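Structure, as structure tokens:
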Amino acid sequence: MASTPAPAAGPPELSATGRVILGMIAFGRTTGYDIKQLVDKTTRYFWAASYGQIYPELKRLEDAGLVRGRPEPSGARARTVFQLTEAGERALQGWLASDEEPLYELRDEGMLKLFFSDSLPERRIENIRAMRTRQERKLAQLRAIEPYAKEGPAGAYLTLQLGIGSTEWFIDWCAATERRLAAETEQE
């Protein structure tokens, strides 16, 4: 009796960090360091990645055949430049084309403080003001990169526009809420 061959394994499951890395490499050959620098200037406003996530994920993606690394030392520093393989391009495109609902995760310690602010209500307005101040700094950073983003990939610029709009809304909400809470406090 002939044995039935095992079904071919499908593409490896991409982690969120793996998706970020494949997308960054799709912008051009790059190193782990370059990926981290680009993340810090772009996606960190909505999806961060640390060196501790990037380098192990690069190894996993290389082991899965999705990226190929090539040593390119720079002076005394060891350096590996990565590029997407055909399988990596297919994996990135497959994720981009999938109908699976994208994961949404927001991590904002200011919002966490607001959520628990009933334990120290007298600090609530100050916490909201701190949230607004942080968002104003973020908006200034986003506006500073806007002229350069206009020259880059359309998807990155659209994302920047969304980030600017949502940050402006956040600032407006904080300002209105500060005024409302201050008025309520005066009436007490």
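The values are calculated or read from the model by the stated rules, or taken from the named source; none is laboratory data. As the structure is a computational prediction, the values presented were derived from the model and not from experiment. No Cβ is skipped: glycine too gets one built from the backbone with ideal geometry, and neighbour counts run over all protein chains shown. Just so you know, the surface numbers come from the protein's heavy atoms only, side chains and all, with ligands and any DNA or RNA stripped out. Shrake-Rupley method; radii C 1.70, N 1.55, O 1.52, S 1.80 Å.
Here is how the numbers come out for the structure above:
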{"quantity": "Answer residue from the range 79-105, given it is open to solvent by 100 Å² or more (accessible area, probe 1.4 Å) and of a type in the set (A, V, I, L, M) and is farthest from MET24 (Cα to Cα) among those", "calculated": "LEU103"}
{"quantity": "Filtered residues of the range 35-64 (kept if acidic (Asp, Glu) and modelled with pLDDT under 95)", "calculated": "ASP40"}
{"quantity": "GLU122 farther than 22 Å from LYS41 by Cβ, in a helix (DSSP H, G or I), acidic (Asp, Glu) and open to solvent by 70 Å² or more (accessible area, probe 1.4 Å)", "calculated": "yes"}
{"quantity": "Filter pass, GLU184 being of a type outside the set (S, T, N, Q), open to solvent by less than 100 Å² (accessible area, probe 1.4 Å), free of Cβ contacts under 8 Å to residues at least 60 places away in the same chain and over 28 Å from VAL39 (Cα atoms)", "calculated": "yes"}
{"quantity": "Single residue of THR185, THR159 found to be more than 20 Å from THR42 (Cα to Cα) and among the β-branched types (Val, Ile, Thr)", "calculated": "THR185"}
{"quantity": "Evaluation of ALA154 against (1) open to solvent by 60 Å² or more (accessible area, probe 1.4 Å); (2) under 15 Å from ARG44 (Cα atoms); (3) of a type in the set (Gly, Ala, Ser) (one fails), failing number", "calculated": "(2)"}
{"quantity": "Residue satisfying all of: in the range 25-59; more than 18 Å from GLU146 (Cα to Cα) and without any contact (Cβ under 8 Å) to a residue 12 or more places away in the chain; surrounded by the most Cβ atoms within 10 Å (Cβ to Cβ) among these", "calculated": "ASP34"}
{"quantity": "Any chance GLU136 is part of a loop (DSSP other than H, G, I, E, B) and either under 30 Å from THR31 (Cα atoms) or under 23 Å from the mean Cα position of the chain (by Cα) (or both)", "calculated": "no"}
{"quantity": "Of all residues making up the range 125-151, the number that are open to solvent by 90 Å² or more (accessible area, probe 1.4 Å) and in contact with a Cys (Cβ under 8 Å, 6 or more places away or on another chain)", "calculated": "1"}
